[in-house]
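Working notes, beginning with the structure itself.
The values are calculated or read from the model by the stated rules, or taken from the named source; none is laboratory data. Model, not experiment: these values are computed from the prediction. Here the Cβ positions follow ideal geometry from the backbone for every residue, glycine too, while neighbour counts run over all protein chains shown. Heads up: the accessible areas ignore ligands, DNA and RNA and are worked out on the full protein's heavy atoms, side chains in. Shrake-Rupley method; radii C 1.70, N 1.55, O 1.52, S 1.80 Å.
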Amino acid sequence: MSNILLIFTLVFFRLIAASIHPIIIHGHYFIDSVTKEPFYIKGIDYQPGGSSAVSEHTDPLSDPVRCARDIVLFQELGINTVRIYSVNAHLNHDACMTMLARAGIYLFLDVNSPLPHHHLNRYEPWNTYTLYYVENVFRIVEQFAHYNNTLGFIAGNEIVNDPISASVAAPYVKAVVRDIKTYIEYNAPRVIPVGYSAADDLNYRMPLAQYLECADENTKESVDFYGINSYQWCGDQTFYSSGYNILVSDYKGFSKPIFFSEYGCNEVLPRNFDEVPVLYTNDMIDVFSGGLVYEYSQEPNNYGLVEIQPNGDVKILRDFVQLKKKFDTLPELDYNYIVQSMKENAKEIQTKLKNFKTSIPNCELLYPNLDISKGVPPTIAQTLIETGIEVQRGKYVPLTPEEMTSNAKYFQENGEVLNIVNTIDEVVDLELEAAMVKSQKSESITTSTSSMVSPVVHLPPTPSSSHSSTSSLSSSSSSSQPAVPVPAPMPLPAQVPAPAPAPIPEHHPKKEEVPPPNNGNSLMSPIEDQNNAFLEMFHKVIDPVRNFCANLFN
């Protein structure tokens with residue numbers, strides 16, 4: 001029996017490590033729903049071709065060939081998240097989302113696009129908040145809700161950014177957030193966070209954040225997370241001279257996760273990305289959950305990390321090289337500090353729940369520089385919410401090694417060939433995960449999403465040497481700082497990953513079937529008897545640890 005338990009334990013933890021777990025929210029932290037580790041965003045913004053790159057025929061996630069080409073470079077950078085600004089929900093995204101999942105990469109997805117009737121007009125939102133618009137938003141949600149690596153939906157990007165939009169648009173942002181969260185509650189297989197990406201304008205920094213955070217009767221009007229497009233660290237700066245210390249101070253009491261949905265000022269070139277390591281130090285990690293560097297491909301605004309050639313090949317720019325160096329040499333995270341911060345946040349939540357029955361603040365009558373006098377408009381989509389949208393739901397699909405390999409050529413900025421492996425490194429085995437889910441169907445083991453355990457930081461490891469060569473991306477100067485791998489997560493006392501989540505259903509969730517009770521009279525084969533004995537032993541070992549973890553913050 002001990003040998004069986006040992007084998008199962010090894011397989012169990014291998015499966016846990018090889019799964020793409022949905023990310024949930026607890027307090028102002030993103031949390032891995034299975035391991036209960038805090039999740040820090042280490043990513044880039046991705047929209048090759050700019051906003052015009054979405055059409056009736058194509059978008060960033062509809063072409064598996066281009067996805068394979070670019071995900072190879074995502075892994076070269078060592079990121080764990082991408083943000084995509086617009087997609088066409090009438091197209092198929094299964095192959096690209098499967099590639100991202102196998103690469104261990106999550107997605108923040110904006111629900112608006114430049115296509116007609118697919119976005120809010122910031123100056124006349126009442127004319128664009130229509131049934132056609134909301135239906136398209138729901139279509140995107142319906143499709144992408146079925147991918148485990150969909151981290152969150154962004155209901156709007158910089159919709160409030162000047163006095164005119166500030167006088168009319170903010171309540172409509174809350175309406176879209178409310179509608180998406182309600183649709184998810186009715187139709188999605190799991191809860192998926194919904195938030196907003198804000199321009200970091202001092203006139204609206206705190207008023208807009210506080211307004212989108214608050215709620216009165218309907219808590220779904222409150223965002224689940226808040227992204228900030230910040231470009232204030234330009235050139236040779238520090239945590240203090242850049243104003244990052246003020247950002248941290250301003251958002252210190254914010255009750256939801258905050259991250260940089262865009263960052264990377266280009267007013268001083270070349271970009272050195274000195275702000276990247278600061279973002280993952282104790283100065284920021286108890287308020288900010290990482291960030292997304294703007295942006296992957298070179299566009300007319302000159303923020304690109306790479307330049308995509310007309311024939312589909314890719315040239316690596318200096319910004320890519322420098323960002324990779326910063327990611328590869330991130331400072332070691334202070335795990336004890338993170339644990340203490342999460343404990344304090346959990347206690348704050350418990351206090352609010354005890355005193356106010358909710359951790360979401362009530363709305364004020366007035367917010368500086370915003371006009372909210374007309375209130376949040378009522379939903380126009382209740383029927384769509386209740387009936388759901390008929391759309392081809394996203395699913396992971398089998399991919400051959402050839403489909404996971406790019407035939408594109410990669411070049412350094414000087415024109416020399418970049419020597420990297422052009423195959424996506426599969427860090428998540430989706431078939432293995434599916435097999436585990438199937439084997440657990442009759443013995444479902446669930447954990448409460450409201451409980452927390454001693455955390456470790458969830459950042460992707462530095463790409464393995466088998467996949468890339470750091471020196472091939474560096475300049476020829478011998479003074480380049482050597483790459484230091486990001487430290488592996490440090491397990492804390494009594495931390496055991498929780499079991500894998502239940503499979504995502506194709507339709508509305510149904511009550512789980514309960515197997516008939518065993519009265520001791522049924523005939524079982526030796527294998528079945530051994531399995532039952534094993535499960536009993538498994539629960540004896542795991543359940544006390546799980547109970548300890550669940551009560552850690554009580």
Please pick out the residue among LEU292, LEU202, LEU212 that is free of Cβ contacts under 8 Å to residues at least 24 places away in the same chain and of a type in the set (A, V, I, L, M).
LEU202
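One line per residue, one yes/no per condition, for (1) open to solvent by 10 Å² or more (accessible area, probe 1.4 Å); (2) farther than 27 Å from HIS57 by Cα:
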| residue | (1), (2) |
| --- | --- |
| TYR123 | yes, yes |
| THR150 | no, no |
| TYR172 | yes, yes |
| VAL177 | no, yes |
Of the residues that sit in the range 343-371 and are crowded, with 16+ Cβ neighbours inside 10 Å and either of a type in the set (S, T, N, Q) or in contact with a strand residue (DSSP E or B) (Cβ under 6 Å, 6 or more places away or on another chain) (or both), which one is modelled with the highest pLDDT?
ASN369
Among the residues of the range 271-326, which ones are in a helix (DSSP H, G or I), more than 30 Å from TYR337 (Cβ to Cβ) and in contact with a strand residue (DSSP E or B) (Cβ under 7 Å, 6 or more places away or on another chain)?
PHE320
Within the range 142-158, the residues that are over 27 Å from VAL427 (Cβ atoms) and either in contact (Cβ under 8 Å) with a residue 60 or more places away in the chain or among the polar types (S, T, N, Q) (or both) are GLU142, ALA155, ASN157, GLU158
For the range 190-199 the number of residues that are touching a helix residue (DSSP H, G or I) at 6+ places or on another chain (Cβ under 7 Å) and either buried (at least 20 other Cβ atoms within 10 Å of the Cβ) or free of Cβ contacts under 8 Å to residues at least 40 places away in the same chain (or both) is 4
For the structure I just gave you, tell me whether LEU107 is hydrophobic (A, V, I, L, M, F, W, C) and either in a helix (DSSP H, G or I) or under 19 Å from the mean Cα position of the chain (by Cα) (or both).
yes
Among (1) open to solvent by less than 10 Å² (accessible area, probe 1.4 Å); (2) touching a Leu at 6+ places or on another chain (Cβ under 6 Å); (3) more than 29 Å from LYS252 (Cα to Cα), where does SER86 come up short?
(2)
What helices (runs of 4 or more DSSP H) completely inside the range 119-197 contain at least 2 residues that are closer than 19 Å to LYS256 by Cα and under 22 Å from the mean Cα position of the chain (by Cα)?
170-187
Inside the range 158-214, the number of residues satisfying the requirement of being basic (Lys, Arg) and out of contact with any Lys or Arg (no Cβ under 8 Å at 6 or more places or on another chain) is 3
Given (1) farther than 23 Å from ALA170 by Cβ; (2) at pLDDT below 95; (3) not β-branched (Val, Ile, Thr), where does GLY235 come up short, assuming only one miss?
(2)
Please verify whether THR81 is open to solvent by 30 Å² or more (accessible area, probe 1.4 Å) and either β-branched (Val, Ile, Thr) or out of contact with any Cys (no Cβ under 6 Å at 6 or more places or on another chain) (or both), treating the condition exactly as stated.
no
When (1) surrounded by fewer than 20 Cβ atoms within 10 Å (Cβ to Cβ); (2) touching a strand residue (DSSP E or B) at 6+ places or on another chain (Cβ under 6 Å) are applied to ASP110, the one that fails is (1)
Restricting attention to the range 393-411, does a residue exist that is at pLDDT below 95 and open to solvent by 90 Å² or more (accessible area, probe 1.4 Å)?
no
So, of the residues in the range 296-313 that are in contact with a Leu (Cβ under 7 Å, 6 or more places away or on another chain) and open to solvent by less than 10 Å² (accessible area, probe 1.4 Å), which turns out to be farthest from ASN414 (Cα to Cα)?
TYR296
Hey, ALA101 closer than 30 Å to THR400 by Cβ, open to solvent by less than 10 Å² (accessible area, probe 1.4 Å) and either out of contact with any Phe, Trp or Tyr (no Cβ under 7 Å at 6 or more places or on another chain) or in a helix (DSSP H, G or I) (or both) or not:
yes
Filter result (in a loop (DSSP other than H, G, I, E, B), out of contact with any Asp or Glu (no Cβ under 7 Å at 6 or more places or on another chain) and open to solvent by 20 Å² or more (accessible area, probe 1.4 Å)) within the range 239-266
TYR240, SER241, LYS252, GLY253, ASN266
For the range 356-377, indicate whether the set of residues that are without any contact (Cβ under 8 Å) to a residue 60 or more places away in the chain and basic (Lys, Arg) is non-empty.
yes
Residue under question is GLU332, and the condition is that it be more than 30 Å from CYS214 (Cα to Cα) and modelled with pLDDT under 95; does it hold?
yes
When you go through ASN187, ASN157, ASN203 one by one, which is the residue that is farther than 16 Å from VAL376 by Cβ, surrounded by fewer than 18 Cβ atoms within 10 Å (Cβ to Cβ) and at pLDDT 95 or above?
ASN203
